[in-house]
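No lab work stands behind these numbers, since they all come straight from the coordinates. Given the structure is predicted, the values throughout are model-derived calculations rather than measurements. Quick reminder, even Gly has a Cβ in these numbers, built from the backbone with ideal geometry, and neighbours come from all protein chains shown.
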Amino acid sequence: MRVGLLILWGLVAASISGAATLQEDFSANPQSDGWKIFGDTNLFQWDATHQNLDVTWDSSQSNSYFYHSLGTILARSDDFSLSFDLQLSNVTWSGSPELAVGLFHFVDATNVSFSRPVADTPNLFEFDYFPDNSIGQPAIAATLTDTNVGATNKKDFYFVYDNQSLDPGMVYHIVLAHTAGQPAISGQVFTNGQLYTSLPYTFAGPITDFRIDTVSISSYSNSGSSLLAQGTVDNLVVTLPPPPVQNLTGSFTNGAWQAQCLSQSNWWYTLQRSADFQTWTNVSPPTPGNATNLFLPDVSPPASVAFYRISAQRP
């Protein structure tokens with residue numbers, strides 16, 4: 001019997017045993033490297049001369065995203081972070097709208113019910129700038145929402161913030177982080193290599209869990225307020241936990257084909273088999289990861305050629 005092994009998951013770049021990163025410095029056209037646009041395509045333009053992304057945040061348009069899949073699913077049990085450079089050229093507003101860069105769950109964010117103004121925004125991890133926070137002050141915030149947030153539950157928000165402005169022309173380096181197991185988000189903003197704010201104020205709504213799979217520069221629709229801001233985003237880095245499947249090997253043991261990998265807890269693993277790379281069949285039941293070596297057997301391997309892959313899924 002001839003066999004082959006595949007891993008069914010993907011990250012933009014990954015080491016065998018360490019953390020993975022998604023990096024974008026916009027030195028080449030990002031849409032040739034997996035970036036896509038949802039919504040108004042006119043809001044996002046790659047600047048080949050300055051090697052950055054020109055962005056317009058326009059609340060009069062529909063929700064629009066310049067986005068890239070993370071290739072994995074993040075949850076409360078994971079360490080991860082997001083950093084990027086932001087420079088605004090002009091901002092005009094009325095009411096209390098925001099501009100955003102962050103992470104979200106793509107299916108939720110592209111649902112017609114998803115609305116930042118009414119807080120119907122499950123699974124959100126993002127940087128927000130409010131030129132006016134509704135009480136006459138600007139606000140810089142890092143926001144995390146629970147997977148249970150919805151039209152009937154709008155309280156499960158955790159955010160840290162500071163009543164500071166982002167001045168046009170100034171380049172700000174922004175860092176957001178999540179520590180594994182914590183129901184929280186932290187943020188720092190730097191200018192010229194110096195700390196501008198560590199977002200010292202906290203609103204600690206309950207965060208039980210979340211699911212995040214996409215990084216996005218986000219322009220939100222808002223019929224009750226208006227925002228028109230222009231600027232650039234550059235040097236974006238998402239640091240992700242180690243991949244869920246590592247050190248994949250396979251062998252026959254007592255006449256059965258068996259795949260072995262280093263697994264992670266809080267993931268479920270299934271061995272799948274194909275003869276043609278077109279149709280895949282589950283040959284093991286979903287098995288929880290054990291944070292060490294996991295064995296997935298095919299107790300009835302075919303006599304002819306077979307290819308195997310491991311599907312890793314969040315519960």
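Residue-wise HN-Hα couplings along the stretch 256-272, as the Karplus relation 6.51 cos²θ - 1.76 cosθ + 1.60 with θ = phi - 60° gives them from phi, are 10, 6, 9, 9, 10, 8, 7, 9, 10, 5, 6, 10, 10, 10, 9, 7, 10 Hz; Gly and Pro carry x.
Net charge in the neighbourhood of L124 (other residues with Cβ under 15 Å of its Cβ; Lys, Arg +1, Asp, Glu -1) is -4. Farthest toward the positive end of the dipole of the stretch 20-240, out of A28, T143, L228, is the Cα of T143, where the dipole comes from beta carbon charges about the Cα centre. Each peptide among 127-139, 37-49 gets the average number of other Cβ atoms lying within 10 Å of its residues, and from highest to lowest they stand as 127-139, 37-49. Please state the shape class of the stretch 203-254: rounded when a/c is under 1.5, otherwise prolate if a/b exceeds b/c and oblate if not, all from the C-alpha gyration tensor. Verdict is prolate for the stretch 203-254.
So what is the calculated 222 nm ellipticity per residue for the chain, using -39500 (n - 2.57) for each DSSP H run with n of 4 or more, over all residues, to the nearest 500 deg cm²/dmol?
Values: 1 runs with 4 residues, N = 315.
It lands at 0 deg cm²/dmol.
I want to verify a result. In a Gaussian network model of the chain, Cα cutoff 10 Å, which of these has the top mean-square fluctuation: G150, G187, G102? Result: G150 has the largest fluctuation of those listed. In a solvent-free Debye calculation with one equal scatterer on each Cα, what is log10 I(q)/I(0) for the stretch 125-263 at q = 0.10, 0.11, 0.19, 0.22 Å⁻¹, listed in the order of the q values? Log-scaled intensity ratios, in q order: -0.47, -0.55, -1.30, -1.58.
Ordering R211, R116 from the fewest to the most neighbouring beta carbons within 10 Å gives R211, R116.
Summary of packing: across the peptides 243-251, 56-64, the per-residue average of other C-beta atoms within 10 Å ranks them, highest first, as 56-64, 243-251. Taking the alpha carbon gyration tensor of the stretch 20-240, multiplying each eigenvalue by 5 and rooting it gives semi-axes of 22, 20, 18 Å, largest first.
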